[in-house]
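We did not get these values from a lab; they are worked out from the coordinates using the rules stated. Everything numeric here is computed off the predicted structure, so don't read it as measured data. Glycine gets a Cβ as well: all are built from the backbone with ideal geometry, and neighbour counts include every protein chain shown.
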Amino acid sequence: MNDTAGSVLREVKKVIHGKDNVILLMFCAVIAGGHVLLEDIPGVGKTTLALAFSRALSLGYRRVQFTPDVMPSDLLGFKLYDRGSGEFRFQEGSIYTNLFLADEINRTSPKTQSALLEVMEERRATVEGETRELPSPFFVLATQNPFGSSGTQKLPESQLDRFMICLSMGYPDFDNAVAVLKGDSSIDLDTVNRVTDAAGLKEIQAIVHDLPAQECIFEYVVNLTEATRDDRYFALGLSPRGSIALMRMARARAFCEGRNFVIPEDIQDVFGAVAGHRVRLNARAKAQGLDTAALLDMVIRQVPVPKVNP
């Protein structure tokens, strides 16, 4: 395990119990420069997870509770008339930070959801014809309730594809549920120590971006991608953006493991988180009672694994 990665993960685990893989995958997404979607029920620690990462990485943090009346200007900002100077001045919105927590994103209007598209993809916001750069690094951690929850609206495919990974924390197991009851997460957050800062995180992101991979690794990613486009079970396969996200996550996973090259296991470990929210099953798969996770596991088993020379 890389020293910095190990230190960050240990700090976050002080307040998030029993979710080691979720914490690792989220950190991989952060150092790969991607955004994270957490699809889960309320009250399982999503906000605490975001706060813990912001403290361990010493990042600016803002949270917006999305409701139907949240407007794009609340996120991007607006111009306000200053009576003292007689001029309009810009009032920045909540998006101008390093870690932006969009809580229950699927409870707001499609117009406000769409306002995040340029921000997530371009790392800049356009307000009244003026474009403003966002702080760097910048990433979005969005949460959404299951689609069956009252008052929710399904995110469009174009926005889902801009999230590098989709995770679910789920309920804690028995032992960790007892541990949660013994402590108060709001107090425990004070014990999360700073490991690095924004400048250090950008250096890590640069290392991850340039991490080498052999030709067979790129071919393996393409083979996995094409396997998800098999119309026997999939109505919608992994997009080119999804393939890029898979490669970036695999590089981040290799970095966390302390390696300077990518191996097939890195790709396999992140495949479900990268592909799960991007693919769609067809009627045949649903009729046979298959779910997305099972089919993605089948893809991993069926695609030949390349041999990497160390």
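Qualifying chymotrypsin sites (Phe, Trp or Tyr not before Pro) in the stretch 190-240, where qualification requires a DSSP coil assignment and no more than 13 other C-beta atoms within 10 Å, are lacking entirely. Extending 7 Å from Cα along the Cβ direction at Arg63 and again at Asn309 yields two label points whose distance is 5.2 nm. Could you compute the FRET efficiency for Glu122 and Ile41, with r as their C-beta to C-beta distance and R0 at 41 Å, rounded to 0.05? After rounding, the FRET efficiency stands at 0.80. Hull volume per residue, based on the alpha-carbon atoms of the chain and their convex hull, is 160 Å³. Here the alpha carbons of the stretch 1-113 define both size measures, Rg and Dmax, at 17.2, 57 Å.
Seen against the Cα atoms of the chain and their longest principal axis, helix 240-256 is set at about 90 degrees.
From most to least packed by mean Cβ count within 10 Å, the peptides 137-144, 85-92 give 137-144, 85-92.
Mean residue ellipticity at 222 nm, helices only, the chain: -13000 deg cm²/dmol; runs of at least 4 DSSP H residues each add -39,500 (n - 2.57), and the sum is divided by the number of residues. Over all Cα atoms in the stretch 62-150, the spread is summed up by Rg and Dmax: 14.1, 50 Å.
Computing Rg and the Kirkwood Rh from the Cα coordinates of the stretch 10-60 gives a ratio, Rg/Rh, of 0.92. The value for the stretch 42-194 of Rg(Cα) / (2.2 N^0.38 Å) is 1.19.
What the phi angles of the stretch 264-278 give under the Karplus curve with 6.51, -1.76 and 1.60, with θ = phi - 60°, is a coupling list of x, 4, 4, 5, 5, 5, 9, 4, x, 5, 7, 8, x, 8, 9 Hz, glycine and proline written as x. In the chain, the longest principal axis of the Cα atoms and the axis of helix 215-227 are about 80 degrees apart. To the nearest 10 degrees, how steep is helix 110-122 against the longest Cα principal axis of the chain, on a 0 to 90 scale? Roughly 70 degrees between the two axes.
Packing here is the average count of other Cβ atoms within 10 Å per residue, and on that basis the peptides 273-284, 122-133, 45-56, highest first, run 45-56, 273-284, 122-133.
The label-point distance for Ile300 and Leu160, in a model that sets each label 7 Å from Cα toward Cβ, rounds to 2.0 nm. From most to least packed by mean Cβ count within 10 Å, the peptides 165-178, 255-268 give 255-268, 165-178.
Close amide H partners of Ile165, meaning residues 5 or more places away or on another chain with modelled amide H under 5 Å apart, are His35, Leu37. Take the Kirkwood radius over Cα pairs of the stretch 211-302, plug it into Stokes-Einstein at 4 °C and 1.567 mPa s, and you get 97 µm²/s for translational diffusion.
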